[in-house]
Structures are given as C-alpha cells and as structure tokens.
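Colleague: Dropping the structure in here first, questions after.
The values are calculated or read from the model by the stated rules, or taken from the named source; none is laboratory data. Just so it is clear, the structure is predicted and the values come from calculations on it, not from any experiment. Neighbour counts run over all protein chains shown; Cβ positions are idealised from the backbone, glycine included.
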Amino acid sequence: MTAATDISALLASRICHDLISPLGAIGNGLELMMMAGQARGPEADLIAESVLSANARIRFFRVAYGVAGPQRMGRQEITGILRDMTSGGRLRVDWRPTGEVPRDQVRLAFLVVQCIETAMPFGGTVTITQDGEGWEIVGASPRLRVDYALWDSLERPEVAPEPAASLVHFALLPAEVQAQGRRLRVEVTGSTIRLRY
C-alpha cells in the first residue's frame, strides 16, 4: 500500500470510529423514549431503522476502507455485518467460509461485494466461497447494470477512468489485490459477475 492509501485507511478508520458512538447514543436514546411511551408510531420506527442502517454501513465501511491490521474476524461477526447492511434491501450476501478469516482478506471480499452491489441496483445474490487461499465471489441477478469500463479497470487499473466518489471502491480494489500479492480475474455475463483471486 502506498503512503497515501495508508493515510486514507487511517482517515476512514477514524471517521467510522467517531461516528459509531453518537449513532449508538441516538439508538439508545430512542429506545429509552419508546420504553417510556414518549416515542411511538411510524416516525420513531423510521428513525430506528435509519440508525440501524447507518450503524451497519459504518461497520461495513470500517472493514472495507479502514486499517486492516493483523486481526482475524469470526464468521458470526462477518455475517452479522453483511446481514445488517442488507437488511430490508434487495441484495442478499451468502458468506460461506466457516472459520476465522484475516481482516485484510475480509476487507478485500467486502470491496468486491461493494463493486458487485453497484451493478445490482434491482437486487440479487452475492455468494462468497473460499478454497484454501483462493476466493470466488459471484453476483447473480436477472437485471445487471454493468459499466464495462469500470469492470475492465479491475484487471487493468492503468486504463481506469477517474472514479466518482460513489465508485471509489473500484479504485481501491485493484490496489488491495496488488497489496495482498494476488491476481484478480473478472468474468461478466448477462446475469452474473464472477471474481476470482
């Protein structure tokens, strides 16, 4: 990783860390108000759902964009983040590895998931499998929306277009693949996107 990437990861970790506490406080405060009968109805439900969604996204971003470090993550923690992040949406993520996984490998998988999510605005299923040191992540949807220039840039980052902020994961994924000494293979068909590394 370059020094600039390291700084970006540190910045992402700091932002996520600083946002988790106030979001938790909002959620706790709302829960206390509901228990006291001071907050009921669709408005309170909407706030509660929004807090849960924001918390889930921040936990996901903390892994995908933050400092990886030497830690390992257990299956329950990983699937919990993915479940909460996709709750109420049209995307389903099936994490199949059963044991603990080094955090940097989870980071790489989360970046892939986010890239696939971009191509599946109408929903679908992402299946993540691991075979030894190799990984395969497949997104399947009857309606994909694929920007082929972006997907080509994952294997050939030298031809990558300048990404919009909403597509920064397409710029980060090849850098992370290289940092981990891996080689990425991308296959896009009419209804599936398959990445192997």
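Colleague: Please specify each residue of the range 109-124 satisfying the condition of being surrounded by fewer than 21 Cβ atoms within 10 Å (Cβ to Cβ) and β-branched (Val, Ile, Thr).
Modeller: Correct list: Thr118 only.
Colleague: Then there is this: Could you tell me whether Val67 is among the aliphatic types (A, V, I, L, M), in contact with a Ser or Thr (Cβ under 6 Å, 6 or more places away or on another chain) and either farther than 22 Å from Ile15 by Cβ or modelled with pLDDT under 90 (or both)?
Modeller: Details: among the aliphatic types (A, V, I, L, M): yes; in contact with a Ser or Thr (Cβ under 6 Å, 6 or more places away or on another chain): yes; either farther than 22 Å from Ile15 by Cβ or modelled with pLDDT under 90 (or both): yes.
For Val67, the condition - among the aliphatic types (A, V, I, L, M), in contact with a Ser or Thr (Cβ under 6 Å, 6 or more places away or on another chain) and either farther than 22 Å from Ile15 by Cβ or modelled with pLDDT under 90 (or both) - is met.
Let's see how each residue does on (1) under 18 Å from the mean Cα position of the chain (by Cα); (2) closer than 26 Å to Asp6 by Cα:
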residue	(1), (2)
Asp131	no, no
Ala165	yes, yes
Gln178	no, yes
Ser191	no, no
Leu195	yes, yes
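Colleague: On to the next question. Counting just the residues of the range 177-196 that are of a type in the set (S, T, N, Q) and under 22 Å from Gly132 (Cβ atoms), which one comes out surrounded by the most Cβ atoms within 10 Å (Cβ to Cβ)? Step through it out loud before you land on a result.
Modeller: So the first thing to find is which residues in the range 177-196 are of a type in the set (S, T, N, Q), and the list is 178, 180, 189, 191-192.
So of that shortlist, the ones also under 22 Å from Gly132 (Cβ atoms) come out as 178, 180.
Details: Gln178: 13, Gln180: 15.
Applying the filter and picking the extreme gives Gln180.
Colleague: Which of the numbered conditions does Glu117 fail, given that it passes all the others? Conditions: (1) farther than 27 Å from Pro142 by Cα; (2) within 17 Å of the chain's Cα centre (by Cα).
Modeller: Failed condition: (1).
Colleague: I'd like to check something: does the range 43-64 contain any residue that is assigned by TED's automatic domain parsing to the domain that holds Val177, over 18 Å from Ala9 (Cβ atoms) and charged (D, E, K, R)?
Modeller: no
Colleague: I would also like to ask the following. May I ask you to list the residues in the range 131-151 that are in a helix (DSSP H, G or I) and either within 16 Å of Gln114 (Cα to Cα) or among the aromatic types (Phe, Trp, Tyr) (or both)?
Modeller: At the first step, the residues of the range 131-151 found to be in a helix (DSSP H, G or I) are 148-151.
Tyr148, Leu150, Trp151, listed by residue number.
Colleague: Another one. Any idea which of Glu176, Glu158, Glu162 is of a type in the set (D, E, K, R) and touching a residue at least 60 places away in the same chain (Cβ under 8 Å)?
Modeller: Glu176
Colleague: Determine if the range 159-176 includes at least one residue that is crowded, with 16+ Cβ neighbours inside 10 Å and in a loop (DSSP other than H, G, I, E, B).
Modeller: Within the range 159-176, not a single residue is crowded, with 16+ Cβ neighbours inside 10 Å and in a loop (DSSP other than H, G, I, E, B).
Colleague: If you scan the range 83-103, which residues turn out to be buried (at least 17 other Cβ atoms within 10 Å of the Cβ), part of a helix (DSSP H, G or I) and not aliphatic (A, V, I, L, M)?
Modeller: Of all residues in the range 83-103, those buried (at least 17 other Cβ atoms within 10 Å of the Cβ) come to 85-86, 91, 93, 95, 97, 101, 103.
With the extra rule that they be part of a helix (DSSP H, G or I), the set shrinks to 85-86, 103.
Thr86, Arg103 - these are the residues of the range 83-103 that are buried (at least 17 other Cβ atoms within 10 Å of the Cβ), part of a helix (DSSP H, G or I) and not aliphatic (A, V, I, L, M).
Colleague: A further question follows. Restricting the search to the range 78-102, which residues are at pLDDT 95 or above and charged (D, E, K, R)?
Modeller: Correct list: Arg92, Asp94, Arg96, Glu100.
Colleague: A further question on this structure: From the list Ile20, Ile81, Ile26, Ile15, which residue is in contact with a Lys or Arg (Cβ under 6 Å, 6 or more places away or on another chain) and at negative phi? Reasoning before the result, please.
Modeller: Working: Ile20 fails: in contact with a Lys or Arg (Cβ under 6 Å, 6 or more places away or on another chain); Ile26 fails: in contact with a Lys or Arg (Cβ under 6 Å, 6 or more places away or on another chain); Ile15 fails: in contact with a Lys or Arg (Cβ under 6 Å, 6 or more places away or on another chain).
Of the residues listed, the single one that is in contact with a Lys or Arg (Cβ under 6 Å, 6 or more places away or on another chain) and at negative phi is Ile81.
Colleague: Still on this structure: How many residues does the range 41-77 hold that are exposed (fewer than 11 other Cβ atoms within 10 Å of the Cβ), of a type outside the set (A, V, I, L, M, F, W, C) and free of Cβ contacts under 8 Å to residues at least 24 places away in the same chain?
Modeller: The qualifying residues number 4.
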